[in-house]
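For reference, the structure discussed in these notes is given below.
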Amino acid sequence: MTTQTSTASSNDLVLVLGATGKTGRRIVSSLTNLGVPVRLGSRSASPSFDWNNAANWDECLQGVTKVYINYAPDLAMPGATDAISELVRRARSADVRHLVLLSGRGEAEAQACEAMIQNSGIDWTIVRASWFNQNFSEGAFTDMVQAGQITLPDVSTPEPFVDVDDIAEVAVVALTQPGHAGELYELTGPRMLTLAEVADELSSATGRTIQYRPVPHDAFVQGVADSGAPQDVLWMLDYLFATVL
């Protein structure tokens, strides 16, 4: 990462939703290092924040000037637009001044959520990212990589996988520096890679043989279901591979 300095006011309080996630924990760390007051938004925080239970949302927003929004597990999920709409309403009531939304490429539902943020009457920044590199090291596909075989649907569409560190850096700048209100930033990696090429790159980086094993989409979804994955994760992976990638 590049060296950052903050011009955020000492009176600013940033609420980071998804504070324990891939982007959230990096943003919390960077803001803390910059001396920016942070409130953690997660189910384990106090007050707790749960996307499925708005009971504590007003308390979480109390005194907050800026919010980083990472909807879990994905903005494409059913119910995401309702949750974002309700969060925007409460943020307006709490006099929040700036919303920074993590969004996804190629998702109609995500773009509907973007529009809600853009039409909120609050300063906004959209960070629209491609698939994360860290999905293979910190996310749903980590066990596959460790086992040496990435078993995913048979798709040949390349994706410009992006590093989560870069996403977090852009979000921190938007939260702490002037000039980013009303901006939509599309973040991608430098190269388009197929899943087979990802496996080759991981093999080169780790010195281990990691293979991509393509399977039919329905077989992949059934395998995820058989593994005991939560229903929302199952739905998300089904949707993303069928619609986005």
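Here Ala205 fulfils each of the conditions (1) more than 30 Å from Ile117 (Cα to Cα); (2) surrounded by 15 or more Cβ atoms within 10 Å (Cβ to Cβ); (3) of a type outside the set (S, T, N, Q) apart from (2).
Residues that are surrounded by 20 or more Cβ atoms within 10 Å (Cβ to Cβ) and of a type in the set (Val, Ile, Thr) occur in the range 85-98; there is at least one. Only one of the numbered conditions (1) within 18 Å of Ser130 (Cβ to Cβ); (2) surrounded by fewer than 19 Cβ atoms within 10 Å (Cβ to Cβ) is violated by Arg43, and that is (1).
Look at the range 144-155: where a residue is farther than 15 Å from Glu201 by Cα and touching a residue at least 40 places away in the same chain (Cβ under 8 Å) and a partner is among the basic types (Lys, Arg) and in a strand (DSSP E or B), sitting 6+ places away or on another chain with Cβ atoms under 9 Å, you get Thr151/Arg213; Leu152/Arg213.
Taking the range 37-83 as the range and being closer than 20 Å to Glu107 by Cα, of a type outside the set (Phe, Trp, Tyr) and not in a helix (DSSP H, G or I) as the test, the residues that pass are Ile69, Asn70, Ala72, Pro73, Asp74, Leu75, Ala76, Met77, Pro78, Gly79. Screening Phe161 on (1) more than 17 Å from Asn135 (Cβ to Cβ); (2) of a type outside the set (Val, Ile, Thr); (3) surrounded by 15 or more Cβ atoms within 10 Å (Cβ to Cβ) shows it passes everything except condition (1).
The residues in the range 138-177 that are in a helix (DSSP H, G or I), out of contact with any strand residue (DSSP E or B) (no Cβ under 8 Å at 6 or more places or on another chain) and not charged (D, E, K, R) can be counted, and the count is 8. Filtered by the rule that a residue be among the small types (Gly, Ala, Ser) and without any contact (Cβ under 8 Å) to a residue 40 or more places away in the chain, the range 10-66 gives Ser10, Ala19, Ser29, Gly35, Gly41, Ser42, Ser44, Ala45, Ser46, Ser48, Ala54, Ala55. Looking across the range 60-74, just one residue is modelled with pLDDT of 95 or more, over 16 Å from Ile27 (Cα atoms) and in contact with a Phe, Trp or Tyr (Cβ under 9 Å, 6 or more places away or on another chain), and that is Cys60. Pairs linking a residue in the range 230-245 that is closer than 15 Å to Pro153 by Cβ to a residue that is of a type in the set (Lys, Arg) and surrounded by 15 or more Cβ atoms within 10 Å (Cβ to Cβ), with Cβ atoms under 9 Å and 6 or more positions apart or on different chains, are Val244/Arg105. Quick check, is Trp124 at pLDDT below 95, surrounded by 20 or more Cβ atoms within 10 Å (Cβ to Cβ) and either within 22 Å of Leu75 (Cβ to Cβ) or in contact with a Pro (Cβ under 6 Å, 6 or more places away or on another chain) (or both)? Against the criterion (at pLDDT below 95, surrounded by 20 or more Cβ atoms within 10 Å (Cβ to Cβ) and either within 22 Å of Leu75 (Cβ to Cβ) or in contact with a Pro (Cβ under 6 Å, 6 or more places away or on another chain) (or both)), Trp124 does not qualify.
Of everything in the range 98-122 that is within 16 Å of the chain's Cα centre (by Cα) and of a type in the set (S, T, N, Q), the residue that is farthest from Tyr71 (Cα to Cα) is Gln111.
Per the conditions (1) surrounded by 12 or more Cβ atoms within 10 Å (Cβ to Cβ); (2) at pLDDT below 95; (3) under 18 Å from Ala147 (Cα atoms), the sole criterion not satisfied by Leu195 is (2).
The values are calculated or read from the model by the stated rules, or taken from the named source; none is laboratory data. This one's a predicted model, so the numbers in the text were calculated from it and none came from an experiment. Neighbour counts are summed over all protein chains in view; Cβ atoms, including those assigned to glycine, are modelled from backbone coordinates with ideal geometry.
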